[in-house]
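Please read the structure below before turning to the comments.
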Amino acid sequence: MGPVRFLIFLFSVVLLSGCLSLPKSRLSPPDRNTLVRDQLVIHSDFALAAHHRVFEELTAQRTDLCRRLALSPSDEPIHVYLFQNAERFDDFIRLHYPKFPDRRAFFVETDAQLTIYAQWGDRMSEDLRHETTHGYLHSIVSNIPLWLDEGLAEFYEVPRGRQGLNRPHLTRLLVRLDREHWQPDLPRLEQLRSAADMTQDDYAEAWAWVHFLLQSDPKSLGLLRGYLADLRRDGDTTPISSRMAAFLGDGNSLLTQHLHLASDQQTTHKN
Ligand SMILES: [Zn+2]
């Protein structure tokens, strides 16, 4: 039985017998209010303040991301469904996407639509910054590799003004460098095909490569921009690890130096 039929089957069971236990409002995504901000079409069952800071931040993020990566923005709509609380969100996801792991937010791409599901709460801004990064990227470069997609999302999920410095990831990697003599391995990351297979270490390393490419020097930034332009035009292209070896030198030692420098700057900033 294919996944689609499996979903239909589950849905039928709930409709026939489960309506008694699940109110109808929990079967469909929230859609009582809609707010449009550039590409984002935000749906919710509660009143959305038209100029809520998070929505302004998300549109500014789109401008920043496109400018930084030298990509022309798309106008393909990205539907964002905001659930009032974790319970509503979990009910909906368990029903419609029973195989999804336990997360606070999801980005779903189908042939027809780009969709984000998220829940109102303390971490909502961070979740939305992460998931809308996926939305913006997929609306422009549909075949972006998983590690780069997640690395950019981890970069952009931190509040604006921190220059993409994801402190938990930086700390994790410095500990690994110090205690485990960790060696970065971009070719390994480039082989990853499923987000479900990515560990926290993988997310941290993906973030680190992205932070290095975006924040170290114009040559690294140029390499990333060139890669994305080629990927968008040709569909498949020479991976970043090979380009780095040819144009920048030993990527592993450059990345390690970059992480130590980022740590020093963070310490200086705090003092
Ligand atoms: Zn992600």
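The values are calculated or read from the model by the stated rules, or taken from the named source; none is laboratory data. Being a predicted model, the structure only gives us computed values, none of them experimental. Because the Cβ atoms are built from the backbone with ideal geometry, glycine has one as well, and the counts that use them run over all protein chains shown.
Quick notes
- The number of residues in region 36-53 being under 17 Å from the mean Cα position of the chain (by Cα) and surrounded by fewer than 16 Cβ atoms within 10 Å (Cβ to Cβ) comes to 0.
- Some residue of region 138-145 being out of contact with any Asp or Glu (no Cβ under 9 Å at 6 or more places or on another chain), away from the ligand (no atom under 16 Å from the Cβ), in contact (Cβ under 8 Å) with a residue 60 or more places away in the chain and not polar (S, T, N, Q): no
- Inspection of region 127-134 identifies no residue that is more than 16 Å from the ligand (Cβ to nearest atom), touching a residue at least 24 places away in the same chain (Cβ under 8 Å) and either surrounded by 13 or more Cβ atoms within 10 Å (Cβ to Cβ) or not assigned by TED's automatic domain parsing to the domain that holds residue 38 (or both).
- Under the condition of being touching a helix residue (DSSP H, G or I) at 6+ places or on another chain (Cβ under 6 Å) and not charged (D, E, K, R), the residues counted in region 102-121 number 6.
- Flag for residue 88 being free of Cβ contacts under 8 Å to residues at least 12 places away in the same chain, within 22 Å of residue 27 (Cβ to Cβ) and outside the structural domain of residue 220 (by TED's automatic domain parsing): no
- Selection status of residue 155, among the aromatic types (Phe, Trp, Tyr), part of a loop (DSSP other than H, G, I, E, B) and either within 16 Å of the ligand (Cβ to nearest atom) or modelled with pLDDT of 95 or more (or both): no
- Only one entry in 100, 107, 89 is over 13 Å from the mean Cα position of the chain (by Cα) and either part of a strand (DSSP E or B) or within 19 Å of residue 48 (Cα to Cα) (or both), namely 89.
- Answer residue from region 91-126, given it is touching a residue at least 24 places away in the same chain (Cβ under 8 Å) and among the β-branched types (Val, Ile, Thr) and is nearest to the ligand (Cβ to nearest atom) among those: 116
- Sole residue being within 24 Å of the chain's Cα centre (by Cα) and touching a residue at least 40 places away in the same chain (Cβ under 8 Å), chosen from 236, 230: 236
- Lone unmet requirement of (1) touching a strand residue (DSSP E or B) at 6+ places or on another chain (Cβ under 9 Å); (2) surrounded by fewer than 23 Cβ atoms within 10 Å (Cβ to Cβ); (3) not assigned by TED's automatic domain parsing to the domain that holds residue 65 for residue 153: (2)
- Residue check, residue 194 surrounded by fewer than 13 Cβ atoms within 10 Å (Cβ to Cβ) and either more than 27 Å from residue 106 (Cα to Cα) or within 16 Å of the ligand (Cβ to nearest atom) (or both): yes
- Among the candidates 94, 162, 123, the residue that is within 30 Å of residue 252 (Cβ to Cβ) and surrounded by fewer than 19 Cβ atoms within 10 Å (Cβ to Cβ) is uniquely 162.
- One residue stands out among those in region 225-248 that are surrounded by 13 or more Cβ atoms within 10 Å (Cβ to Cβ) and in contact with a Lys or Arg (Cβ under 8 Å, 6 or more places away or on another chain): the one that is farthest from residue 186 (Cα to Cα), which is 226.
- In region 171-184, the residues that are free of Cβ contacts under 8 Å to residues at least 40 places away in the same chain and under 21 Å from residue 150 (Cα atoms): 171, 172, 176, 182
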